[in-house]
1. Between the alpha-carbon centers of the range 407-447 and the range 589-606, tell me the distance in whole angstrom.
2. Computed over the Cα atoms of the range 27-111, what is the convex hull's projected area averaged over all directions, in nm²?
3. For T190, T668, give me the order by solvent-accessible area with a 1.4 Å probe, most accessible first, ignoring ligands, DNA and RNA.
4. Could you order F410, F101, F387 so the one with the most accessible surface comes first? Probe is 1.4 Å.
5. Rounded to the nearest 10 Å², what accessible area does V235 show when all protein chains are kept and the probe is 1.4 Å?
6. What does the highest-first list of 603-609, 683-689 look like by mean Cβ count within 10 Å?
7. Just the accessible area for I674, please: 1.4 Å probe, Å², rounded to the nearest 10?
8. When Lys and Arg each count +1 and Asp and Glu each count -1, what net charge do the other residues less than 14 Å away from S228, Cβ to Cβ, add up to?
Amino acid sequence: MSSADVKVPSPQSSLLTTPVGEKPKRGRLILSGIATVILVSVLILAVAWFTVTERHEALLNETEQRLTLAAEGRAEVLSTWLQATVGHSSRVAESDFFRIFATELATADGDLSGATLRSDLPLEEGEDPIAVPLLEQLPMLERILTDFTVSAGFESGYFVNLNGEPFLATAASMPLSESAKALATQAVETRKRTYGLPYSAPAGLLMDFAVPIISSQADPQTGDVVASLVLTIPVAAGFAKALEPPPLAQPGERQVILLSGEGAFFSMAPGAFELSGPISLTSSLPDLARGLSFAQRSGVTTDEDVYSLAVPIEGPSWWIHREHPVRLVLAPLSDYKLAALGIAFLLLSVIAGLFVALWWRVTSYHNKALAQQYQDLAARIDAQKRFLDSITASVGEWIALKDTKGAYRFVNQAFADALGMDASELLGQTDYSLFPAATAERLLISDQRAQFSSRVITVSEDLSLPAGKRTFQISKIAYPPQEDERGEDAPPPELLMVARDVTEIVAAEKRREAAIRQMVTVLVRSIELRDPYLAGHSRRVAGFATAVAEHMGLPEIDQVTLEIAANLSQIGKLKVPRAVLTKPARLSEDEISEMNRHLDYAADVLRDIDFGLPVLETLMQMHERLDGSGYPNGLKQDEISPRARILAVCDVFCARIEPRGYRSVISTEEALSILASNAGRYDSTVVKSLKSVAYSVKGEKLTAELCF
């Protein structure tokens with residue numbers, strides 16, 4: 001079939017004649033097309049990324065293997081040469097003759113004038129050991145040492161005592177340098193062969209190393225070190241062999257020998273035969289003990305980034321360090337990336353073209369449908385706005401929205417009516433233009449708390465309005481609500497405020513509190529009429545208890561609870577027999593049991609009274625003790641509320657400083673001392689706060705009211 005036989009309908013006619021029921025199908029088709037394009041695009045990019053990443057890893061693995069093989073080969077060459085060269089030192093360091101000589105010298109504390117060299121050969125009975133003065137042996141020892149250094153290829157040699165001073169040297173040797181003395185001391189301390197840094201000399205590139213000399217009378221592995229042998233060797237040939245480029249080296253690869261000494265790192269490059277440095281390395285000497293792993297880092301011989309590694313040399317703190325610039329290692333990757341991205345871009349272009357064609361086909365219908373949706377949405381938004389406006393206009397609470405500068409940008413009609421203004425007049429004004437300055441300052445503080453918090457902040461505020469002073473409960477929250485606490489430097493958000501007139505509620509609550517206080521006063525007077533010793537006791541306990549609670553930072557609701565509970569603490573004694581209540585002598589066991597029932601009597605009297613506060617709970621626990629020795633339920637520790645602990649301490653304190661028929665009063669100091677010494681029964685924190693209150697102006701006034 002030819003292309004001329006295929007009839008393609010025009011997009012316009014197709015869309016205009018599309019039934020309404022076909023709209024969801026077209027929408028699903030477009031979504032499916034978009035999802036397919038995205039999926040295929042992600043797949044193409046993922047394949048391109050995977051191939052580039054795989055090529056990148058292959059280049060790095062190849063570079064690591066090449067650098068590792070080359071560095072290990074050069075390290076083996078340098079290590080073999082070094083061990084073969086310095087190994088000759090054992091012929092002298094382990095020689096019995098030189099060990100005996102060093103041992104005798106160490107025994108004589110370096111004084112050669114009277115020191116002798118005694119033979120260690122077995123003696124016949126009665127035979128004296130052969131003693132030869134050390135001074136007579138020095139020429140022969142010097143000749144032997146000189147012959148050894150010449151035959152072993154060393155430049156010079158020294159025997160150094162424990163103080164770091166040479167006592168024997170090869171012929172024509174230069175004075176021993178301070179660095180060589182330090183090597184000798186280090187060899188004595190570590191009992192190991194130590195190596196110095198190479199240095200240039202007229203004879204070429206030289207290096208000092210030191211070998212410990214073990215006492216002739218001890219095991220070579222565990223004996224005391226009596227001296228050290230310092231030898232100087234030429235190292236130019238060994239370094240030149242180690243720094244020869246390996247056959248597999250790539251252009252741009254560089255190789256150096258890293259050396260550690262004198263608290264720093266140095267390097268030696270091919271052909272230089274002199275130290276460069278000190279150089280900075282990110283790794284410390286202990287970290288480099290096992291070598292430097294393959295990684296990207298700053299170059300040792302250049303400022304550019306390189307891939308590098310280092311292989312340690314056995315013995316000294318030396319490493320064969322090889323590096324290859326990153327730009328050269330990854331150069332083959334650039335062409336590969338361009339090819340992969342070009343193919344990916346070509347495929348994405350084809351897919352994008354197909355998607356554009358599909359989009360063009362359905363765009364006309366989509367635009368019409370979208371316009372209708374916007375029209376419907378605008379109608380719904382307008383209806384919702386009218387609905388919300390009718391709600392905000394009908395509610396009695398104030399509803400307002402402040403901008404970031406505290407200016408009102410929305411108020412409902414209730415807010416405007418309360419201020420006797422139109423809502424439009426309030427827009428743009430602040431609290432400072434609507435209320436007195438002091439009121440505006442308080443409102444600003446609560447605004448700031450709400451703006452920098454994710455919680456609703458509620459405050460009570462008396463506001464002066466045209467109709468008079470009214471009390472409002474105002475709730476504020478950041479708008480839109482903040483998910484987390486905002487930092488101090490963050491700009492403040494807008495603020496949504498809802499205020500409710502609670503003037504009548506507050507007045508009713510105050511009347512209720514006044515009625516409760518009057519009732520409490522009447523009950524207290526009834527108690528004091530029965531027991532003259534209780535006159536003023538409840539009021540005094542209430543004064544100390546509320547002061548202690550305030551000193552400890554308890555909320556106001558707890559202070560009010562303590563005041564009421566303290567005033568009613570003796571109410572149960574109305575039902576205690578008068579003979580027991582006013583008995584001038586100490587009570588018997590039965591009378592104490594009867595007296596302790598006053599809490600049950602108090603519960604019977606107060607159980608049906610709604611204080612709106614945990615008054616009865618606090619009162620019922622005031623005679624409980626932390627160690628469980630109290631009554632009526634034997635509560636312990638955290639089972640006793642903080643309010644009851646305060647009431648218990650203050651009740652005992654006031655009882656001790658007040659007169660009773662069977663005992664005299666004690667001083668404030670004595671009463672506080674008794675409470676402090678019974679920390680197992682009374683809360684020590686409360687006792688400390690009571691002490692502070694007792695010696696305050698308020699406490700002294702309460703104490704001064706006692707009548708004796």
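The values are calculated or read from the model by the stated rules, or taken from the named source; none is laboratory data. Source: prediction; values computed, not measured. Neighbour counts are summed over all protein chains in view; Cβ atoms, including those assigned to glycine, are modelled from backbone coordinates with ideal geometry. Calculation scope for accessible area: heavy atoms of the full protein, side chains included, ligands and nucleic acids excluded. Shrake-Rupley method; radii C 1.70, N 1.55, O 1.52, S 1.80 Å.
1. 58 Å
2. 12.5 nm²
3. Working: T190 60, T668 25 Å².
Descending accessible area places them as T190, T668.
4. Ranking F410, F101, F387 by accessible area, largest first, yields F387, F410, F101.
5. It works out to around 0 Å².
6. Taking the mean over residues of other Cβ atoms within 10 Å, the ranking is 683-689, 603-609.
7. 70 Å²
8. Details: positive: R99, K181, R191, K192, R193; negative: E94, E165, E189, D208, D224.
Overall, the nearby charge balance is 0.
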